[in-house]
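Here's the structure we're looking at; comments come further down.
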Amino acid sequence: MKLIVNQKLLDRNKKISMGLFIASLAVLGLGAYLAWPGQADLNRTIYSWIALMIGFILTRFSVFYMSRYGQSPRYDEVLGSALSKLRTEYTYFVYSSPVPMLLMGPCRLWLPILVTSSGTISFEDGKWKHTGVSAFRRFMGQEALVDPEKDVTDASLLLEKQFASQGIPLEQQPEIQPVVVTLLKNTKTGELKEAPYPVVSIVDLKRFIRKQDRENCLSPISAEETEKITTALTAGIMK
């Protein structure tokens, strides 16, 4: 598998995540200091609550950035490790296309929608549902499956716009196949028969992609098209 990574963006966002983490600790520490028993008055109490509120907001932003750019392995590295044994006809784009992660295969573009928290995922009555995540864990920054269809719509529009800007009209653009990927072993699946996209565990993802590209390849992507698509996807992104 070929790998195209926007390392400059990753390094920059890692610094931002560390900065947010340090800032959140500093502001929370200030709030605690202002609320120290024996020194508090009305003004200090008000400033303390303001500092604590700002600190908690910064903490949530910090968790968001740290989970994507500061932790090791990052989400994109976990996904890349699972796909690493794919043949060279596959190309894995990491923050080097209009969407964070994208896999180009011999037949289509694979758009992974990552599920990074525990609980149970299902699709019932025309809606995605994610249960089993406590309110406390959500408050502390554990992400929930909100709306994969919106994620797919937004990502597809970005990709179509990028292709069009590079002279590839809609009818010549490769098929985009979304796939919901669960990263944790304790993430369970419920009713999914009517789900618009496949839901696959990270362990089974490589095998699933290989099988689909082998058995359901209506429009193979030629070597010339692969080069053209790669150039279009990375144009203006790798800076």
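The values are calculated or read from the model by the stated rules, or taken from the named source; none is laboratory data. These figures come from a predicted structure and were not determined experimentally. Don't worry about glycine lacking a Cβ; one is built from the backbone with ideal geometry, like all the others, and counts go over all protein chains shown.
Values computed for the structure shown
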read-out: Sole residue being surrounded by fewer than 16 Cβ atoms within 10 Å (Cβ to Cβ), under 30 Å from residue 229 (Cβ atoms) and modelled with pLDDT of 90 or more, chosen from 74, 12; value: 12
read-out: Subset of the range 59-97 (residues that are without any contact (Cβ under 8 Å) to a residue 24 or more places away in the chain and more than 26 Å from residue 157 (Cα to Cα)); value: 71, 72, 73, 81
read-out: Selection status of residue 93, out of contact with any Phe, Trp or Tyr (no Cβ under 6 Å at 6 or more places or on another chain) and within 30 Å of residue 27 (Cβ to Cβ); value: no
read-out: Residue that is farthest from residue 127 (Cα to Cα), among those in the range 180-205 that are in a strand (DSSP E or B) and touching a Leu at 6+ places or on another chain (Cβ under 7 Å); value: 181
read-out: Residues satisfying the stated conditions in the range 75-134, i.e. part of a strand (DSSP E or B) and among the β-branched types (Val, Ile, Thr); value: 91, 94, 113, 115, 120, 121, 131
read-out: Criterion (among the hydroxyl-bearing types (Ser, Thr, Tyr), out of contact with any His (no Cβ under 6 Å at 6 or more places or on another chain) and loosely packed, with under 13 Cβ neighbours inside 10 Å) met by exactly one of 201, 219, 156; value: 219
read-out: Counted residues, the range 191-211 - those being closer than 11 Å to residue 110 by Cβ and among the hydrophobic types (A, V, I, L, M, F, W, C); value: 4
read-out: Options 3, 79, 86; residue that is touching a Pro at 6+ places or on another chain (Cβ under 7 Å), at pLDDT 90 or above and within 30 Å of residue 232 (Cβ to Cβ); value: 79
read-out: First in the range 46-58 and more than 11 Å from residue 20 (Cα to Cα), second anywhere and surrounded by 14 or more Cβ atoms within 10 Å (Cβ to Cβ) and among the small types (Gly, Ala, Ser), Cβ under 6 Å, 6 or more apart; value: 48/31; 48/35; 51/31; 52/31
read-out: Tabulated pairs, the range 1-12, first within 14 Å of residue 92 (Cα to Cα), second of a type outside the set (A, V, I, L, M, F, W, C) and surrounded by fewer than 17 Cβ atoms within 10 Å (Cβ to Cβ), C-beta under 8 angstrom, 6+ apart or interchain; value: 1/84; 1/85; 1/87; 1/88; 2/88
read-out: Test: residue 45 is in contact with a strand residue (DSSP E or B) (Cβ under 7 Å, 6 or more places away or on another chain) and surrounded by fewer than 18 Cβ atoms within 10 Å (Cβ to Cβ); value: no
read-out: In the range 106-123, residue surrounded by the most Cβ atoms within 10 Å (Cβ to Cβ) [restricted to those that are more than 15 Å from residue 195 (Cα to Cα) and of a type in the set (Ser, Thr, Tyr)]; value: 117
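Residue-wise test of (1) among the small types (Gly, Ala, Ser); (2) buried (at least 16 other Cβ atoms within 10 Å of the Cβ); (3) assigned to a helix (DSSP H, G or I).
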{"residue": "3", "(1), (2), (3)": "no, no, no"}
{"residue": "23", "(1), (2), (3)": "yes, yes, yes"}
{"residue": "32", "(1), (2), (3)": "yes, no, yes"}
{"residue": "36", "(1), (2), (3)": "no, no, no"}
{"residue": "52", "(1), (2), (3)": "no, yes, yes"}
{"residue": "60", "(1), (2), (3)": "no, no, yes"}
